[in-house]
Structure formats: structure tokens, C-alpha cells
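Novice: Submitted below is the structure of interest, expressed as C-alpha cells.
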Amino acid sequence: MPKLNLLTSIIFFFSMATLQVIQSQTIINGKVTSVTGMPIPGANIYLQGTYDGATSLDDGTFSFLTHETGTQTLIISYLSFQTCRMMDEVLSMRDLSISLRENVNALDAVVLSAGTFHAGDHSKINVLKPLDVVTTASALGDFIGALQTLPGTTTVAEDGRLFVRGGQARETQIFIDGIRVFTPYTPTTNNTPTRGRYSPFLFDGITFSTGGYSAEYGQALSGVLLLNTINEPDQEKTDVGLMSLGVKLGNTQKWRTGSLSVNMSYINLAPYNAILPNRNQFIKPYESVSGESVFRRKTRKGLFKLYGAYDSTNFELIQEDINKPEGLFFKLDNQNAYFNGSYGGVLGEAWSMHAGLSYTRAKNKRRIDDRAIAAVEKAIHAKIKFKNHISNYWRLYFGAEYLTTDFNEPYGDAPNEALEYGFRNDIAAAFVETDIFVSKDLAFKAGLRSECSALLNDFSLVPRVSLALKTSSKSQLSLAYGSFFQTPSNHLLKFNTNFKPQNAKHYILNYQHNSNGRLFRAEAYFKSYDNLAKYDSDIPRANSYFTSDGKAYARGIDFFWRDSESLRHVDYWMSYSLLDTRRNDDNYPKSVQPSYVNTHNLSLVGKYWINKWRSQVGLSYSFASGRPYTNPNRTGFLNAKTRAYNNLSLNWAYLISQQKIVYASVNNVLGFKNINGYQYATSPDVTGHFNRRALQPAADQFFFVGFFWTISDDKNRNQLDNL
Amino acid sequence: MKQIIFILSLSVCGLMQSQSPYEKGMETAFELWKNSPIEASNLFERIAQAEPDNWLPPYYAAQILIINSFGLNNVEQLTAQLNKAQDLINEAQIISNNNPEIMVLQALLHTAWLAYDGATYGRTLSPKIMEIYNTAEQLAPENPRVTYCKAEWNMRSAQYFGQDTAPYCKDFEKALELFANFKPETSFHPNWGKERTTLLLESCRN
């Protein structure tokens, strides 16, 4: 009996205990699926603020017990899905069927990307990687050069600026941290391509749009290039660069609430010209001193950045000229200062803001033979932008900006007898834009931009819309439409301000397919121009007759293919652009293909990493069909075409260690004799024939050798031992 | 006899009750980690939201996701996991600022990106990783994980650049000494890495 007693008491005790547990615990169960009905395993399901929860099984089901009672919040979360919250009585949380919406920020979600290329880190559709900018063989460390290997750009080898889809270079605007750069390129001599003024290492994100861009950007008819400076430098370091063209020095300091980076460079082409003479006869070789710095300060809710750049360039030379056997004297003295201050921060739960101000002062003194021209351009851009993150599916942006340019050009030697040209241009603009994600597979962007120009006495309101649709898990289709305005350029406005704003309308259809390491993009577009500025003399003059009657169109298709997966250690991309454009602007007598446009552009860039040698060997080839020029020996305007352009460049980067790199490159290895156009004599010779001179690059080939060394505060390592 | 059993069972119940839900949860999570890491990470995450002032649960939830992401080839999965791990690290950092243990984890997360695609992330992330280890070392020169993770990073870089790895042996030896003297604050505080350091010491000698 005692034994039985014991047993009963044990049974009694345990059943009581179990009963108690059952009585006070509630079961919560159900199934987690995606909107399409696929079960989601591994989701985390729990009651907010408690320890009670479970992980869903392979079939998406879950079940757990809780002591909680009353109304509770059940949270269901899984990696790339939007977290779901439901408030209910615990007792009614039975046999739940929960469907999770996919997060529109997920990597495989649709991207509003028509017309746009990205280069950066975590961006979803990177076309270029950060290092590509400096390791593209033909780019010579210039980020503009690397972008010229992308489709939609035209090869204008003697110029070096970005020409987008049949537009002139000035139709593409450059922005740093959302704020306009008024003079982005360094001045050069004839037949020598220019470079971007700014060091690629100061930027961590580059977005290049060849059409259909956001309502936030104005005063650009063809394209925008957006550069974002680094928010927080990684480490304190000193950079030293010794190059065949000069030296570079940089230093970064960090402290708790901010940092300061300073870069300086000195370029002098005298030694290079002495060893390898070129077609220009330099009296004073190209010399430039430049410095740039970024100061960053973190505040409690945001980040303040101040970017400043100054550079001074001068040279003096005698250029070949068909009309002057002794050559044409040309001297240039350019000083450029640029400041850009911006603040970005959060304002509250869903609100954030970004505000910035830039100031440019560019002073350009030229002497052509005995004529001296000094121009000063001062420009200010101020902008404020607000963003409201209404939900993951709906974002709203709006803002306003103000641009003012003051251009002044005294002409002649003595100031008292000089003529003076100039203008002041004030533009105020406001924009509003919204992103709507219907689902992970369908998204819209719609915007409105209004601009008011005091100089042209004009007000405009234009729409920008785009749509993106996922066609499979790896591909998507996008459509974009936009209308864009731009004031005619300085060299016309200084003589005449009675223009209408020039207008372009873009229609874009884009397809892209992106699967691990391979990206294919095809984009067809049509662009129509209206109100382009025209004049009736050989070059614009004070007494020319100016109108806004110019018209143009451009249409074409761009292809891009990048593959870093198929071949081991090989990464390559190919671009092809087909462009058909007719323009009737400037002093054109009729609609023609302009001299800066080629119909076919092809570029191929390849990189091969040789592990054993710790070297990257790069190759880039570009082909461009001939460009039109006017041959006065025949009737007509832009009546002939140059032969096609070819260039094969090679580079080699050798990593001595992580911190030391030797870099060498040769531009135009095969020595193609490229001709950019012809200069004809102004008067015919005795036989009635106009003589001509081929416009060739200053040198067919270009060599570059550099040694780059980063010294950082790394105590465990002494790089000197490895030299 | 009855009384004895009754008293015994009562005392057992009492013992069980004296363990807090936090301790029980953490123990269960560590137990789960052995066989089903994702479930363990989920549990750590649940504990994190119930204990908003404790940096350990989000730390472990992130650590599991990071370890799990090494060797993943699916870029969508990898991005989702590492982004979540980053959020959890950010949470932990808000609770405990300037914590060398969290810094080590942040460096490991960067390393996971780098291991996935060195060409894309090498230039931007390797200086960040170096900077984090340097700061952590200044804050906690006696922390064995800081010492060994930094030495491993340096050794891997040296291997990549074809340099001698022998100089790092002494760092691993030092880390082992530090492990021998290391006392975690509680039994739940980070105390991992000794076995790996031993392995690394062997590999650097060869």
C-alpha cells in the first residue's frame, strides 16, 4: 500500500503539474507563406516583448505555447520579407495563415533604373566597381575616361568630355553630393583631351544617367553625372604618388566627430615632352597645381561635409595652323576655385533632409596671337531637399533650388578701350517626386519640375515619369519619359540673352538581365530637341543674329554586357552604341549629323588578374566610326567623313604589397594614326584648291608610369622591409 | 518517504524557478546553436527584443548569421543575411558603445563581404577592417579575440600578397596566453576562439 500510495502521489503530482501548465498556457500556431503561397521556412514568430516564439519549419508551419493572456502583438519576421505585426487576443491566435510581402529593398526587387549606370559598393545594379575607375586601361586614372567605355557616350578623342547620345558636352551636368559643379573639366590645348578635375578616390558612389533622370536635376538636356564624396574615411593615412607627369600627396586625419582629407598634386609635362616630343611646340609646358580637401563632421542626427578645390593651370605654346605657317601662339592661365558645403540628416521618424550650397569662381586668361581675353565666371547653387519615407512602398521627395551665374568677359588689351561682354543668369526651381512600389515586381516614379529663369523671362513646368517591371527573377523592363530644359551656354549668352530655354524630350525603353556576375542591358531611346540656340555667323559675335529656332533629334540603341564569372580571373565588359542624329542648331544651314557625333561606337574592356604575379593586366579597345567635317572643295556642309577611330590601350598594375602599387599604361599601343577632323585654309591656293591639315592628337601614343604608396597607421607591419 | 519526495520535488521546482527566463532562454539558444543555428539566431533575436538593454542577444544573433554566410554563393541570401547581421550589430552598438567584442564582430562582417567578392569590396573594406582592429586593440590590448582576429587578418593578407606568415605566430602565441587568463564577465559573455587560435598557430608555423 505504501508503494501504491507513493505511485499515486507521484502520478497525482505530475498530472497536477501538467494540468496547471495546460491550463495557463495558450497554443499559438499557423503557417507562414509568401504572397504567392510558397511556404517560408526559418521565419521568426514571437510575441512582442516576451520570450515566447518559434521558428517556422520547412513547410512554413509553426507552433508554440505562451503564458501570456489578453491582447498581444505577434511579430513575424524573415530576412528579405517585410516584418508583419498583428495585434489580437492570444486565444484567437490559432491556425493562423500569415502571408509576408517581399521587401522592396531586397536585392532581387525591381529597380527604377532606365537610363542609369551605377558604380559603387552596395548598389543593386552596379555596372562598374569602385576600382574599375582607376584600372581601366584607357582611362589613365580619370573617372570621366572610365565612363566613356559605357554605352550612350560618343568618342570625341580630342575633347575628353562626356558627349551623351548625340548631345553636346555641355548638355551633361556634373553634381557633387547633389550640388552642381559649374566647371568640371581642366583646360587643355587643342587636340589634347581634358580630364575631370576631381580625384576618383574622394568618391564612393558614381551614378551616370544618359537620359530620363529624376526631377531633382535640371539644366541638363542629355545626361547627369552624380558623384558622392565618402561619408567617413576608413583610416588615417598618407598617400604618395610619383608619376611620370608629376607628384601627388594626400593625407587623411580622423577624430571622434569628424575627419579631414587633403589631396595635392603638381603636374608638369616638361620632362615628358623633352623625352617624347609631340606635335605641339611648347614655349612653357603644361603645368598645374591643384589641391582639394573634404572636411566632415558628424552631428547627432546627420553629417556635414565641406568640400573645397582649387587649381591653377598654365601653359604657352605655338600650335600648327594651316593659315599661319609660323603657327598660332596660344597662352592660357586658368584659376578655378570650388566650394561645396552640404548637410544631410534625419528630422524625425520618416523625414530626412539634405541641403547644400556651392560656389564656383573660374578665371580664364587666354592670349591668342595678340588678342587677350580674360573671362571670370562666378556661380552659386543652393538646394534643399526633403524626403518622406511614408512606407516601404511609398516615398515622397520635394525640394527647391536656386542657381545664379555671373559671367564677365572684358575683351582687348587695355581695359579702358576694351569691350566687355557679360550676363547674369538667375534660375529658381522646385521639384516634387514620388516612388511607388506596387509590389516587389512593379514600381513607378513620377515627378514634376518647375523652373523660372529671370534672364530668359520664362517659366516652365515639366513631367518626368518612369516605370519598372520585373519580367523574371533576373530580368526587368523599364520605361521612362521626361522633358528637360537648359539655358543656352555662356559663349552665346554673353552676346545675346533673348533666347527661349532649350528643351529636350526623352523616351526610353530599357531591358536588363542580371544573373550572378553577368549583366546584360539593352536600351532604345528617342530624344527630340526644341528651341535650340542658333546664330548666323562662323563663330558667335556681338553682331550675329540669334534665334531659338534650332531643332534636332537623336535615336539609337545601346548594348552593354559585363561578365566577371565565365572565365577564371577574367572580368570584361563590352559596349556598343548605335546613334542616328540630325541637328540644326548653332550656325548649321540645315539638319545634319554634327561633327562631334559618330554613328557606331564600340568599346571592349578586359582585366586579367594574375595571382602568381599579384598583377592585374588590363586591355581596352575602342572603335568609333568616322565623324563628319566640311570639305570646302566640294559643295555642302559637313559633307565628308573622317576615317574610323581605333585605339588599343594596355595597362599593368603590380601590387608590391597591399599598400604599394606600381602602375604603367600605354595608350594606343599599336600606334593607329587617328584623325579627328581637318582644318582647311580660309583661302584657296593658285589652283583654286583649299589646302588642309589633319587634326591629329598631340601625340599618337601616350605612356604613363606611376608608383603609389599608402602609409597608414599600422604598427604591426613595416612595408619598407618588402621593398 | 512521501514527505521526502514531496520536499524533493518542491525543491526541484524551486530550483527551476530560480533560473530567470533570460538565463533559460540563453541556455536554450546556445544548445540550439549546435544543431540548428538559424533557430538559435531567431531565439537570440527574440531575447534581444525582450531584453532591450542587453547587448549579448543581438551580438550572438548577428554572429550566427555572419558565420553562416561564409561560403554562401547565393548573393540575394548573402545580402539579406549580412544586412540583418549589420542591423543587429548596430543595435548592440547602441546598447554598448566602444565595445571591443562588437568591434571584432563588425570586422568579421566586413570580412564576410570581402570573402564573397574581393574585387568589389577589397579596396573599400580592407582599410575599414584594419582600422577597427587597431581601435579595438587600443581599447582592449588584453582581449584574446581582438589579438587573434587581427593576427588572422594580417596573416591572410600576407598570404594573399605572398609574404612570410611566420611573424604572426607570436601574435597567436600571445593570444593563447591571453585566453588562458581571460575571465568572461558572466558565463554568457563571449569566450570563443581558443580552438581556432590553436589551429592557426599550427598553420602559421608550417
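The values are calculated or read from the model by the stated rules, or taken from the named source; none is laboratory data. Since this is a predicted model, take the numbers as computed values, not measurements. All Cβ positions, even for glycine, are placed from backbone atoms using ideal geometry, and neighbour counts span all protein chains on display.
Novice: Given the criterion part of a helix (DSSP H, G or I) and within 10 Å of another protein chain (Cβ to nearest Cβ), identify the matching residue among B:Gln63, B:Gln77.
Specialist: B:Gln77
Novice: Name the one entry in B:Glu142, B:Glu185, B:Glu137, B:Glu202 that is in contact with a helix residue (DSSP H, G or I) (Cβ under 8 Å, 6 or more places away or on another chain) and more than 14 Å from chain A (Cβ to nearest Cβ).
Specialist: The match here is B:Glu142.
Novice: Does A:Ile206 satisfy being farther than 27 Å from A:Lys363 by Cβ and crowded, with 21+ Cβ neighbours inside 10 Å?
Specialist: Values: farther than 27 Å from A:Lys363 by Cβ: yes; crowded, with 21+ Cβ neighbours inside 10 Å: yes.
Answer is yes for this residue.
Novice: A further question follows. Here are some conditions: (1) in contact with an Asp or Glu (Cβ under 7 Å, 6 or more places away or on another chain); (2) in a loop (DSSP other than H, G, I, E, B). A:Arg568 meets all but one. Which one does it not meet?
Specialist: It fails just one condition, (1).
Novice: Mind counting the residues in the range A:286-302 that are in contact (Cβ under 8 Å) with a residue 40 or more places away in the chain and either more than 21 Å from A:Asn251 (Cβ to Cβ) or charged (D, E, K, R) (or both)?
Specialist: The first filter runs over the range A:286-302 and keeps only residues in contact (Cβ under 8 Å) with a residue 40 or more places away in the chain, leaving A:286, A:288, A:290, A:292, A:294, A:296-299, A:301-302.
Next, from what is left, pick out any that are either more than 21 Å from A:Asn251 (Cβ to Cβ) or charged (D, E, K, R) (or both): A:286, A:292, A:296-299, A:301-302.
Looking only at that region, the number is 8.
Novice: Which one of these does A:Val346 not meet: (1) more than 33 Å from the chain's Cα centre (by Cα); (2) farther than 21 Å from A:Leu695 by Cα; (3) not hydroxyl-bearing (Ser, Thr, Tyr)?
Specialist: Failing condition for A:Val346: (1).
Novice: For the range A:529-586, enumerate the residues that are more than 21 Å from A:Gly167 (Cα to Cα), of a type in the set (A, V, I, L, M) and free of Cβ contacts under 8 Å to residues at least 24 places away in the same chain. Let's see the steps before the verdict.
Specialist: Here is the first cut: in the range A:529-586, the ones more than 21 Å from A:Gly167 (Cα to Cα) are A:537, A:541-545, A:561-574.
Keeping just the survivors that are of a type in the set (A, V, I, L, M) gives A:542, A:567, A:570, A:574.
Across the range A:529-586, the qualifying residue is only A:Leu567.
Novice: Any residue at all in the range B:105-122 that is touching a strand residue (DSSP E or B) at 6+ places or on another chain (Cβ under 8 Å), part of a helix (DSSP H, G or I) and within 14 Å of chain A (Cβ to nearest Cβ)?
Specialist: To start, the set of residues in the range B:105-122 that are touching a strand residue (DSSP E or B) at 6+ places or on another chain (Cβ under 8 Å) comprises B:119-120.
Add one more test, that the residue is part of a helix (DSSP H, G or I), and what stays is B:119-120.
From what's left, within 14 Å of chain A (Cβ to nearest Cβ): B:119-120.
Yes - at least one qualifying residue is present in the range B:105-122.
Novice: Continuing with the same structure: Six or more apart or on different chains, Cβ atoms under 7 Å: show the pairs whose first residue is in the range B:146-162 and over 26 Å from B:Ile102 (Cβ atoms) and at the interface with chain A (Cβ under 8 Å from one of its Cβ atoms) and whose second is part of a helix (DSSP H, G or I) and hydroxyl-bearing (Ser, Thr, Tyr).
Specialist: none
Novice: Another question about this same structure. Could you tell me which numbered condition A:Thr155 fails, if it satisfies all but one of (1) at pLDDT below 85; (2) not in a strand (DSSP E or B)?
Specialist: (1)
Novice: When the residues of the range A:642-659 are filtered to those that are surrounded by fewer than 19 Cβ atoms within 10 Å (Cβ to Cβ) and within 12 Å of chain B (Cβ to nearest Cβ), which remaining residue is nearest to A:Ala157 (Cα to Cα)?
Specialist: Just the residues of the range A:642-659 that are surrounded by fewer than 19 Cβ atoms within 10 Å (Cβ to Cβ), to begin with: A:643-644, A:646, A:650, A:652, A:654-656.
Pick out the ones that are also within 12 Å of chain B (Cβ to nearest Cβ) and you get A:654-656.
Values: A:Tyr654: 28, A:Leu655: 30, A:Ile656: 33 Å.
Only one residue fits best here, namely A:Tyr654.
Novice: Also, I was wondering about something else. Any residue that is closer than 29 Å to A:Lys378 by Cβ and of a type outside the set (Lys, Arg) - is there at least one of those in the range A:508-522?
Specialist: Keep residues of the range A:508-522 that are closer than 29 Å to A:Lys378 by Cβ, which gives none.
No, every residue in the range A:508-522 fails to be closer than 29 Å to A:Lys378 by Cβ and of a type outside the set (Lys, Arg).
Novice: Give me the residue from the range A:280-312 that is among the basic types (Lys, Arg) and surrounded by 15 or more Cβ atoms within 10 Å (Cβ to Cβ) and, out of that set, farthest from A:Glu326 (Cα to Cα). Working first, answer last.
Specialist: Just the residues of the range A:280-312 that are among the basic types (Lys, Arg), to begin with: A:284, A:296-298, A:300-301, A:305.
Checking which are surrounded by 15 or more Cβ atoms within 10 Å (Cβ to Cβ) leaves us with A:296-298, A:305.
Details: A:Arg296: 53, A:Arg297: 56, A:Lys298: 59, A:Lys305: 51 Å.
So, considering only residues that are among the basic types (Lys, Arg) and surrounded by 15 or more Cβ atoms within 10 Å (Cβ to Cβ), the one farthest from A:Glu326 (Cα to Cα) is A:Lys298.
Novice: For A:Phe64, only one of the following conditions fails: (1) surrounded by fewer than 19 Cβ atoms within 10 Å (Cβ to Cβ); (2) under 47 Å from the mean Cα position of the chain (by Cα). What is its number?
Specialist: (2)
Novice: Quick check: anything in the range A:609-616 in the same structural domain as A:Phe546 (by TED's automatic domain parsing), touching a residue at least 12 places away in the same chain (Cβ under 8 Å), part of a loop (DSSP other than H, G, I, E, B) and touching a Pro at 6+ places or on another chain (Cβ under 8 Å)?
Specialist: Step one: of the range A:609-616, the residues in the same structural domain as A:Phe546 (by TED's automatic domain parsing) are A:609-616.
From the residues that got through so far, the ones that are touching a residue at least 12 places away in the same chain (Cβ under 8 Å) too are A:609-611, A:613-616.
Now drop any that are not part of a loop (DSSP other than H, G, I, E, B), which leaves A:611, A:613-614.
From what is left, the residues that are touching a Pro at 6+ places or on another chain (Cβ under 8 Å) are none.
Checking the range A:609-616: not a single residue is in the same structural domain as A:Phe546 (by TED's automatic domain parsing), touching a residue at least 12 places away in the same chain (Cβ under 8 Å), part of a loop (DSSP other than H, G, I, E, B) and touching a Pro at 6+ places or on another chain (Cβ under 8 Å).
Novice: Quick one: which of A:Lys474, A:Lys505, A:Lys445 is over 22 Å from the mean Cα position of the chain (by Cα), in the same structural domain as A:Gly399 (by TED's automatic domain parsing) and in contact (Cβ under 8 Å) with a residue 24 or more places away in the chain? Give the derivation first.
Specialist: Working: A:Lys505 fails: over 22 Å from the mean Cα position of the chain (by Cα); A:Lys445 fails: over 22 Å from the mean Cα position of the chain (by Cα).
When all the criteria are applied, what remains is A:Lys474.
Novice: Check whether at least one residue in the range A:488-502 is assigned to a strand (DSSP E or B) and surrounded by fewer than 19 Cβ atoms within 10 Å (Cβ to Cβ), and report yes or no. Break it down stepwise before answering.
Specialist: Filtering the range A:488-502 for residues assigned to a strand (DSSP E or B) gives A:502.
In the following step, the residues that additionally are surrounded by fewer than 19 Cβ atoms within 10 Å (Cβ to Cβ) were identified as none.
Within the range A:488-502 (the criterion being assigned to a strand (DSSP E or B) and surrounded by fewer than 19 Cβ atoms within 10 Å (Cβ to Cβ)), the answer is no, since none of the residues qualifies.
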